[in-house]
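Please read the structure below before turning to the comments.
Computed from the coordinates by the stated procedures, all read-outs in this text should not be read as laboratory data. Because the structure is a prediction, the values reported are computed rather than measured. Virtual Cβ from ideal backbone geometry, glycine too; neighbours counted across all protein chains shown.
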Amino acid sequence: MTKRAGILVAVGATVAGLVTAAPSTASTPSAPSAGAGPAAQAAAAPLKWTGCGTKSYPALQCSTVRAPLDHDNPSGQQVTLALSRIPHTAKTSQGPLLVNPGGPGGSGLSMAGFVAASLPAKLAAQYDVIGFDPRGVGKSTPALDCVPKYFEPVRPDTVPDSYEADRTARNRAASFATACGEKHGDLLPYMDTVSAAKDLDVIRRALAAPQINYFGYSYGTYLGAVYAKLFPERVRRLVLDSVVDPDGVWYEDNLGQDHAFDARHKAFAAWVAKNDATYKLGKDPAGVEAAWYRMRDAVKEHPAAGKVGPAELEDTFLPGGYYDGYWPRLAETFAAYVNDGDQEALATAYEDFAAVDSSGDNGYSVYAAVQCRDAGWPRTWSTWRNDTWQAHRKSPFMAWNNTWYNAPCATWPVEPLEPVRVDNDAIPPALIFQATDDAATPYEGGVTMSRGLKGSGLVVEQGGGNHGITLSGNDCLDAHLVDYLTDGTLPKRGGSGADAVCDALPEPKPAPATKAGANMKGRTLHGLLGFRG
C-alpha cells in the first residue's frame with residue numbers, strides 16, 4: 001500500500017541516460033527444483049548485462065528477462081521485466097540481493113545503486129545487488145497507464161459536502177476502473193502480488209542462483225513475505241523494513257493509515273509551533289493545525305495560483321507524513337502562504353512534492369491494479385462512506401483523500417483474489433525493522449509480521465515517525481542490518497516484543513529560507529520509496 005508521495009515524489013529516478021557497453025558474460029539459469037509448478041519449470045533465458053551507469057551510480061548495469069503473464073501458462077503471453085545490477089567485486093559472493101522500494105507501482109531500478117552505495121563497501125562487494133521494475137511498472141513492458149493526467153489539478157475537494165459531490169467523486173473513480181479494464185483488460189487478471197512474487201523466481205533462475213537474498217521496504221515487505229511463502233526453500237536472507245500488516249490487506253490497512261497520517265500531521269504542527277521564531281505561525285500546536293485547515297478552506301474558495309485546491313494541498317503535505325526531513329520546506333511554504341499570501345510558494349511546493357507526470361500515472365495505475373486484485377474490497381458504497389466519515393471525524397487530514405485514491409477498487413472489473421497468509425516457519429530467520437510512529441505502515445504491522453515469521457528478529461525505532469528507516473542515517477539500525485547481511489546475525493531476543501530498540505534520529509532543525517528547498521529531496525532513500533506502503 002503506497003501513499004501517493006512515493007509515486008509522486010520521484011519514485012526512484014528511473015535509470016536514464018543509458019550508456020552503451022559490451023554485454024558481460026551471460027549467466028546460465030539453474031535447474032528448477034524438483035516438484036516445482038509449471039511456471040517454475042519454464043527455463044529463463046540467460047541474462048546479458050549492459051552498462052547503464054548514471055552520475056550517481058556509474059557501475060550500474062541493466063538487463064531484461066521475460067516472464068509468463070500467466071504463470072500457470074508458461075508458454076503463453078510474456079511480459080518483460082527490467083532489471084538493474086551492481087555486480088559483486090569480492091572473490092566470494094553471497095549471491096543476489098534483490099531490492100524493492102515499495103508501491104505497488106514503485107520503480108526499483110535506481111535502488112540497486114542506492115543500496116550498494118549505502119552499505120559498507122566491503123559488505124556490498126559480496127552481493128550482486130539487483131533492482132527491478134515489477135510487472136507493469138516503469139521500463140518493464142507492457143507498462144500500465146489507465147488514465148493519463150488523472151490527477152491533473154484542480155480536482156474537487158476530497159471531502160464531499162453534498163450527495164452530489166459524493167456521487168461525482170464516485171463516478172470519477174468508477175470511470176478510472178472502467179478505463180483500466182478497457183485499456184488493459186488482458187493484463188489486469190495477472191496484476192497481483194502473487195504473480196509479481198513468481199516473477200522474482202523467474203529472476204532468480206535467470207541469475208543462476210539457487211537462493212536469493214531479499215531486502216524490501218513498505219509494500220516490498222509484503223511482496224517479499226509472499227515470495228517466501230511460495231518459495232521458502234529459495235530464501236537465504238530476508239530483510240523487511242516498514243512492514244505492511246499482512247492481516248489488513250488492503251482495505252483495513254488503508255483505514256489504519258488514516259489515523260496514523262493524522263497523528264503525523266499533528267506532529268508536524270507541533271514542530272512548527274516549537275519553531276515559531278522561524279515560521280511565526282503560533283506557539284500552540286492546536287492553533288498551528290487550525291491555521292493549516294484555514295489555509296485549506298482558503299484554497300477551496302480560491303485555488304492557489306490556479307492550481308492548488310484542497311486535494312492538491314493534501315497531496316503536497318502528505319510527504320511530511322513519510323519523512324520529517326521535508327518539514328522545513330513544508331513549514332516554509334505554509335508560513336509564506338499564511339503570513340505573506342504567497343500563492344506561488346504553494347504552487348511551487350505542489351510541483352515539487354505532488355504533481356503527477358507520466359511515471360506517476362503509471363505508478364498509480366499499477367497501484368490500483370494490484371491492490372484491487374489482491375484482496376476483496378467492499379462493493380457497497382455505504383460501507384466506504386460510513387467508514388470514511390467515522391475516520392474523518394477523528395482524523396480529518398487525509399481520510400477522504402485516501403478513500404478516493406482507493407475508490408476504483410469498489411467497481412474494479414476483475415474479481416479479487418484471496419490474500420496470501422504469509423505466516424511461515426519454513427524459512428531462515430528474517431530481520432524486520434519498524435518505527436513506532438510510522439504513518440504509511442503503522443507499528444502493529446511489524447509486530448504482526450514478526451510473530452508470523454518464526455524465529456525472526458524485530459528491531460524497533462522508538463519514537464521514529466519516518467517510513468523506510470534503514471540506510472537513512474540511523475547508525476543503530478544500520479548496525480543490525482550490516483550484521484545480518486554479513487553472516488545472518490540477529491539481535492538477541494529481548495522477550496518484550498522487540499529484539500532490539502534504537503532511538504529515533506532527532507527532529508530536523510528549521511532551515512533558512514534559502515536552504516529549505518534543499519530539504520525537499522531529503523535523503524536519497526526517501527526519493528526512492530514507494531509510498532502508501
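The computed Cα extents along the principal axes in Å for the structure shown corresponds, within (1) 64, 50, 48; (2) 97, 93, 46; (3) 80, 54, 51, to (1). Amide H to amide H, with H built 1.01 Å from N, Leu98 comes under 5 Å of Ile130, Asn213, Tyr214, Phe215, counting only residues 5 or more places away or on other chains.
Of the cross-linked pairs Lys55/Lys149; Lys307/Lys394; Lys139/Lys307; Lys55/Lys122; Lys454/Lys492, those separated by over 20 Å at the C-alpha level are Lys55/Lys149; Lys307/Lys394; Lys139/Lys307; Lys55/Lys122. Between Arg294 and Thr50, how high is the FRET efficiency from 1/(1 + (r/R0)^6) when r is the Cβ-Cβ distance and R₀ = 51 Å? Nearest 0.05. With R0 = 51 Å, the Cβ-Cβ based efficiency is 0.40. Note on segment 223-347: Kirkwood radius taken over Cα pairs, Stokes-Einstein applied at 25 °C and 0.890 mPa s, translational D equal to 147 µm² s⁻¹.
Counting neighbouring beta carbons within 10 Å and listing from fewest to most, the residues His302, His265, His259 come out as His302, His259, His265.
Bridging of Lys91 to aspartates and glutamates at a Cα separation below 19 Å is possible for Asp128, Asp487, once same-chain residues fewer than 8 apart are set aside. Helix content alone sets the calculated 222 nm mean residue ellipticity of the chain: runs of n ≥ 4 DSSP H residues at -39500 (n - 2.57) each, divided across all residues, give -12500 deg cm²/dmol. Across segment 419-428, coupling constants 3J(HN,Hα) worked out from phi with the 6.51/-1.76/1.60 Karplus curve, θ = phi - 60°, read x, 6, 7, 8, 3, 7, 10, 10, 10, x Hz, and Gly and Pro carry x.
Positive contributions from Lys and Arg (+1) and negative ones from Asp and Glu (-1), summed over other residues with Cβ under 10 Å from the Cβ of Ala375, come out at -4. Against the main long axis of the alpha-carbon atoms of the chain, helix 443-452 sits at an angle near 20°.
Working from label points 7 Å from Cα in the Cα-to-Cβ sense, the Asp475 to Ser162 distance is 6.0 nm. Per-residue extension of 0.36 nm, minus the Cα-Cα distance of Asp425 and Asp284, leaves a gain of 45.8 nm for this segment. Taking every DSSP bridge with both residues inside segment 425-509, close to 10 percent are antiparallel. Segment 109-132 and segment 434-464 have Cα centres spaced 24 Å apart. Once the Cα atoms of helix 219-230 and of the chain are each reduced to a long axis, what angle between those two axes, in degrees from 0 to 90 to the nearest 10, is obtained? Compared with the principal axis, the helix lies near 30 degrees. Looking at the chain, the DSSP beta bridges with both ends there are about 40 percent antiparallel.
Compared with the dominant Cα axis of the chain, that is its longest principal axis, helix 381-394 is turned about 60°.
Shown in residue order for segment 473-479 are the 3J(HN,Hα) couplings computed by the Karplus curve 6.51 cos²θ - 1.76 cosθ + 1.60 at θ = phi - 60°: x, 8, 5, 5, 4, 5, 5 Hz (x for Gly and Pro). Amide H to amide H distances under 5 Å link Gly108 with Phe132, Asp133, where only residues 5 or more positions off or on other chains count and H is placed in the peptide plane. Karplus-derived 3J(HN,Hα) values for segment 295-310, using 6.51 cos²θ - 1.76 cosθ + 1.60 with θ = phi - 60°, are 4, 4, 4, 5, 6, 5, 6, 9, x, 4, 6, x, 9, 10, x, x Hz; glycine and proline are entered as x.
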